[in-house]
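Here's the structure, in C-alpha cells; my notes come after.
The values are calculated or read from the model by the stated rules, or taken from the named source; none is laboratory data. Just so you know, these numbers come straight off a predicted model, no measurement behind them. A quick note on method: Cβ atoms are made from the backbone with ideal geometry, for glycine too, and the neighbour counts reach across all protein chains shown. Ligands, DNA and RNA are stripped out before the accessible areas are found, and what is left, the full protein with its side chains, is counted by its heavy atoms. Shrake-Rupley method; radii C 1.70, N 1.55, O 1.52, S 1.80 Å.
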Amino acid sequence: MKFHEMNVQEIANALRTNFTEGLDEKEVKRRINQHGYNALAEGEKQSALLLFFSQFKDFMVLVLLAATLISGLLGEMIDAIAIIAIVLVNGILGFFQERKAEKSLDALKELSAPQVNVLRDGEWVKIPSKEIVPGDVLKFSSGDRIGADIRLIEAWSLEIEESALTGESLPVQKNTQPLKIPNLGLGDMENMAFMGTMVTRGSGMGVVIATGMKTAMGQIADLLQTAEVQETPLQRRLEQLGKILIIAALFLTLLVVGIGVLQGQDLYTMFLSGVSLAVAAIPEGLPAIVTVALSLGVQRMIKKNAIVRKLPAVETLGCASVICSDKTGTMTQNKMTVTHLWSGNKTWRVDGVGYSPTGSFFDKDIIIHPKSEKSLQQLLTFGMLCNHAEMIEKEGEYSIDGDPTEGALLVAAMKAGFRKNVLLEQFEIVNEFPFDSKRKMMSMIVKDKVGRKFAVVKGAPDVLIGLSKSILWNEKQQRLTKELTANVQEAIDELAGNALRTIAIAFKPIPQGTMILSEEEAEQDLIFIGLQGMIDPPRPEVKTAVKECRDAGIKTIMITGDHVITAKAIAKQLGILTKGSKVIEGNTLATMSVSELEDCVDDVSVFARVSPEHKMKIVNALQNRGHIVAMTGDGVNDAPAIKAADIGVAMGITGTDVAKEASSLVLLDDNFATIKAAIKEGRNIYENIRKFIRYLLASNVGEILVMLFAMILGLPLPLVPIQILWVNLVTDGLPAMALGLDNAEDDVMKRGPRHPKESVFSRGLGWKVVSRGFLIGLMTLIAFIVIYRRNPEDLMYAQTIAFATLVVAQLIHVFDCRSEKSIFARNPFGNKYLVWAVLSSLMMVLVVIYSPALQPIFHTVPILLTDWLLILGLSAIPTFLLAGTFYARKTKRNMI
Ligand code: ATP
C-alpha cells in the first residue's frame, strides 16, 4: 500500500486504527500474532552443543585424551576412564562458565533495548520497541531512534537523519502532506519516518505502517548484521599473556619430563605425567573466568542502577580521574517547584508541596488572588500554554508527564486556578519551535478566538532579555531601557543567588497577514513579561558521593546549561565549588581554544550556561592533560562528547536514544551517586581479576615446581597424573570463581585511580605470584620428602601426603588473595562464596583420600590424623611469612 500518497483519514481506515485512542490490548495481541514481533532477524548463534565441544578443542587437552586412550588400550583402564571423566567435568565447568557469561551479556542487551512512546487504549505509554504493531500511534522527539516504519500525522520542526538507510548524512525536514509523486525514493518520502533513523530536531507523531523485517530497514537487514563482541583491553592482554604462559608451562613440563627420564624414570609414566602437568598448569580457564568476573560485576552494577553497554568500560571506570556531570536531574532531584515569580518590579511567593496543584500566592506576607494581577496572570498562563507537560493524578497522588521544568510552570498556573484544557479552548496552537539547549528557549505560535496571533516564548532569562525590546512594567508595556534591563538583571541574580532555576516568559503579537516561518522570526522583538523561579533541591546523596570521589582522587566538574549564579550556589552546597576553584561561563568558553582551556582546566569546577557542543572542548582539554574522563549527557547534541569521553554516561530516564547509543554506561536513575557506585564497582572488578590471576598462577607455578624439584633431586614422582588433574579441577574452578565475586576492600575508594596502561602484575603482584608459587612447591616437596624418608617402601602414602599438602596450601593461599596486604587485613571468611567453595574443594580431596572405592583410582591411601598436622603446618607457613613481612614493613614505615 502506498501510505505516503494517502491522507490522514485514508491511513486510519487502511490500518483500522484511530489517532485519539490508539489500538486496544486485544487488537495488539491479534496483530502480534499476525505480524510477529517488531524485531530484525538475528544472526545465527553458536549452539549449546558446539559451545560444549569447543571446550575440548585445546591442543593439550586433545593430547591428554589421546595419551589416555593409549594408556587405556595398554590396560590402564581405570586410570583412563578417570582421566577422561575429569577432563569431561572440567569441560562441563567451562561450558557453564561461558554460558553464564553469554547469558548475562544477552540480558544486558535486553535491558538497554530502546523504548517507544505509544498510544494504547487512549493513554500514552512507554513500551519496548519490540512490542509495536502496524496501526500503533507513536510520538517521538529530538534524540529518539524511530522504532518502525511510520507515516507521519504531525510534525513540529521535525528533522530526521536517515544515513543508516539512505547514506545521506544531512537531516531531512519532514512534514505530513500526502505525496502523489510516482516512483519516490526513500530519501524523498518527507511524510514518512523509517525504522532505525534518528530524530535530530523537533517532534512528531505518526502511525506505524510496517514492523520488523517488513520495514525498509528489514529489507537490507542482512547487510547490517554485525555481531559486536567487544573484548576489553585486559581480556586482550590476558590472551597474549595466556600464550606466553602456555609456552612457559610447556617448556617447564618438557624440563620436568627430560630431567625425570635422565634420572631413570619410566618414559611412558613421565609422558603421561608431563601431559597432565601441562593441562593443569596451562591457565586455559583464565579468559572465561575473566569474562564471568566482568559480567558478574556488570550484574552487580545493574543492581546499583548502572548499565554497562560496552564491556571495556568496566575497566576504564576504574581509571576515571574526572567526572564531568550535568547538574539538572543528575546532581539535583529534577523535582521542580516554582516558589517565586517576578514581573514589573514586583515579586510574589507561592507555597505548596510537590506537584499537588494547591498553594497560595503571597505579595510580601499577604495572601493575594493571583487572577487579580494582570502581569502575574499573563506570566502564569503563557507559562502554561508554551508547555508540553501533563499533570497525572492517581489516587490523590500527583505526578508530571514531561519535562520537570515545564511541570513546575504547569503546577504554578494550576495553583492559580488555570486549567490547560480551558486555555486551549481560548488559544489554538498553530506552530511550535521546540526547546533546544543551544537556543535555551522554545516558542509557540498561538491564535486566539478572534483570530489574533501571538508568539509565546519561554527560556533562559538572560537570553530572552536580549531578544526583548519592551517589557511589562507595572502592568504597562514600556520600552526596555538600559535602566529597566538592569532591574531585570538584578531580579534574575537575586532569584539565582537563592539557588533557584529561572525561566523567563515573553510574547509578541503577530500582525495580521504576517507569516512566521522560522524561529528567529518568532523569537525577536519580544515583550518581556517576567520570571518564574523554581527550586530543584540537590539529591541528598550527591554531597557524600562528591567527597568520596575526591578521596578516591577523582575530581567532579559540574557542567550545566543553567545560570552561573544558580550553578555556583548549588555547586557550593554540594562541595564541588571549593576555595580557589574557578567557574567558566559558556560565552567565555566559546572564545577559548582547547589549548587555552588546557592551561586552566585543572582549576575549574563549574562550567555554566554552556551549550552541549562546548562539552567536546572540555573533554579534549581534560584528555590532553592526561585525565580519564567520564562525561554525562542526555540530548542529541551531547552524543559527540559522550562518544569522545573515556566513559560516556547517558541518562536512563531523561536520556535520548542517541545519547544512550553513544554511551558506555547508562544511569537508570539519572543519579550522580550512581556514577560513583559504578566507579567503585569498576575498581573492585579489576581488583578481583587481579586476585584470581594471583591465585591461579601461583597455584600453577607451585604444581610445576614441586614436580621439577623432585626430578632434579632424583626423587620419585611426588604426584601421579590423575592426582595432578584432580588438584587442577578442585582448586582452579570454584575458589577462583568465588574470588571473582569478592567484595571491595575498604580502601578501594581511598586510593588514586589506576593508570590505564598499568600491567596486571604491577604493584608487586608478579613477585607475589612467583614467591608464593615457589613456597607452595617447596612446602609440598618438604612434606613429600619427610614422609618418603620415614618409609621409602610406602611411596603411595608419601604421594597422598604431597597431594593433600599441595591442595591445602592452595586453599589457604586463596584467602590471602582477598587482600593486597595480608590475610589478616580483613576478615578472612568475609566472602561466604569462597568459604563454601573452599569447603567443597576440601571435601572433594578428602573423598578421594578416604573413600575405599576411589582410592585405587586416585592412587591414594588414608592419611593418619597426626600427619595432617604436618600438612596443615607446612601449608600455612607461606601465609604467616607473608603476613609477617607485611607487618614488619608497615612497622618500619611507621617508625620512619
Ligand atoms: P543541565 O545542563 O545541568 O542539565 P539545564 O537543564 O539548565 O542544566 P538546559 O536543559 O540546556 O540545561 O537548559 C538551559 C536553560 O534553558 C535553563 O537554565 C533554562 O533557563 C532554559 N530551559 C530549560 N528547559 C526549558 C524549557 N523546557 N523551555 C524553555 N526554557 C528552558
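Structure summary
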item: Members of region 538-582 that are within 12 Å of the ligand (Cβ to nearest atom) and of a type in the set (S, T, N, Q); result: Thr560, Thr566
item: Given (1) basic (Lys, Arg); (2) in contact with a Lys or Arg (Cβ under 9 Å, 6 or more places away or on another chain); (3) within 16 Å of the ligand (Cβ to nearest atom), number of the condition Arg349 does not satisfy; result: (3)
item: Residue match in region 525-534 (condition: touching a Gly at 6+ places or on another chain (Cβ under 8 Å), on the phi < 0 side of the Ramachandran plot and surrounded by fewer than 21 Cβ atoms within 10 Å (Cβ to Cβ)); result: no
item: Residues of region 121-150 classified as touching a strand residue (DSSP E or B) at 6+ places or on another chain (Cβ under 7 Å), part of a strand (DSSP E or B) and open to solvent by 40 Å² or more (accessible area, probe 1.4 Å), total; result: 7
item: Total residues in region 378-406, condition farther than 24 Å from Val430 by Cβ and part of a helix (DSSP H, G or I); result: 1
item: Residues of region 432-458 satisfying the condition of being open to solvent by less than 50 Å² (accessible area, probe 1.4 Å) and more than 16 Å from the ligand (Cβ to nearest atom); result: Asp448, Gly451, Phe454
item: Lone unmet requirement of (1) open to solvent by 10 Å² or more (accessible area, probe 1.4 Å); (2) more than 16 Å from the ligand (Cβ to nearest atom); (3) assigned to a loop (DSSP other than H, G, I, E, B) for Asn334; result: (2)
item: Members of region 459-470 found to be in a strand (DSSP E or B) and within 8 Å of the ligand (Cβ to nearest atom), listed by number; result: Gly459
item: Pairs, first in a helix (DSSP H, G or I) in region 619-634, second within 16 Å of the ligand (Cβ to nearest atom), C-beta under 8 Å, six or more apart; result: Val619/Cys324; Val619/Met631; Val619/Ala641; Val619/Ala645; Leu622/Cys324
item: Residue check for Ile689: more than 16 Å from the ligand (Cβ to nearest atom), in contact with a Ser or Thr (Cβ under 8 Å, 6 or more places away or on another chain) and either charged (D, E, K, R) or modelled with pLDDT under 95 (or both); result: no
item: Conditions (1) part of a helix (DSSP H, G or I); (2) open to solvent by 10 Å² or more (accessible area, probe 1.4 Å); (3) within 28 Å of Gln263 (Cβ to Cβ); number of the one not met by Ser699; result: (2)
item: Subset of region 855-896 that is touching a residue at least 12 places away in the same chain (Cβ under 8 Å) and among the polar types (S, T, N, Q) - its residue that is nearest to Gln723 (Cα to Cα); result: Thr860
item: Qualifying residue in region 587-605 (condition: in the same structural domain as Asp638 (by TED's automatic domain parsing), within 13 Å of the ligand (Cβ to nearest atom) and either within 29 Å of the chain's Cα centre (by Cα) or crowded, with 16+ Cβ neighbours inside 10 Å (or both)); result: no
item: Qualifying residue in region 309-316 (condition: in contact (Cβ under 8 Å) with a residue 24 or more places away in the chain and either among the polar types (S, T, N, Q) or within 16 Å of the ligand (Cβ to nearest atom) (or both)); result: yes
item: Single residue of Ala486, Ala496, Ala506 found to be away from the ligand (no atom under 16 Å from the Cβ), under 22 Å from His340 (Cα atoms) and among the aliphatic types (A, V, I, L, M); result: Ala486
